[in-house]
Amino acid sequence: MRCHRIVAVTVVLCTALLVVPPAAFSLRCGSQIVERGDTKQRVYRACGEPDYQEVTGFQDIGRATVKIEIWFYDFGPQKFTQTLTFHGNRLVRIEAGDYGVKTFRK
């Protein structure tokens, strides 16, 4: 009985991992792909100027304090908006939002 429960839990967890969208780990900007761990410079070169950016706070990491910053991209009504979070110079999170509203991209 216990073995069946372990198998059932394992199947549920594996299924949940399969349905996580790849956009949570990477983002396509034209022909470029950015992913967690990329620098701000790499993201800027690939995706261009964000539509909105904001410093949301600071975090102490060891002896250093890093800036926490979000960049928001609106790729238009056919694509989802994207919010990118940076800790210091590194991309740590990519979140898809609702469909965009811009009618053209710079």
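The values are calculated or read from the model by the stated rules, or taken from the named source; none is laboratory data. Please read these numbers as outputs of a predicted model, since none were measured by experiment. Counting neighbours? That spans all protein chains shown, and the Cβs are built from the backbone with ideal geometry, glycine included.
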### Query
List, please: which pairs have Cβ atoms under 6 Å, are six or more places apart or on different chains, and start with a residue in segment 65-81 that is at positive phi and end with one that is small (Gly, Ala, Ser) and modelled with pLDDT under 95?
76/100
### Task
State all residues of segment 56-75 that are of a type in the set (Asp, Glu) and surrounded by 15 or more Cβ atoms within 10 Å (Cβ to Cβ); if no residue qualifies, say none.
69, 74
### Message
Any residue in segment 35-51 that is more than 11 Å from residue 90 (Cβ to Cβ) sitting within a Cβ distance under 9 Å of a residue that is assigned to a helix (DSSP H, G or I) and hydroxyl-bearing (Ser, Thr, Tyr)? List the pairs, counting only those 6 or more apart or interchain.
### Response
50/44
### Query
Looking at 45, 93, which one is among the basic types (Lys, Arg), modelled with pLDDT of 95 or more and out of contact with any Phe, Trp or Tyr (no Cβ under 9 Å at 6 or more places or on another chain)?
45
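In segment 76-93, which residue that is closer than 15 Å to residue 51 by Cα and of a type in the set (Val, Ile, Thr) is surrounded by the most Cβ atoms within 10 Å (Cβ to Cβ)?
Our first condition is that a residue be closer than 15 Å to residue 51 by Cα; within segment 76-93, this holds for 76-77, 79-85.
If we keep only those that are of a type in the set (Val, Ile, Thr) too, we end up with 81, 83, 85.
Values: 81: 19, 83: 15, 85: 16.
Ranking the qualifying residues of segment 76-93, first place goes to 81.
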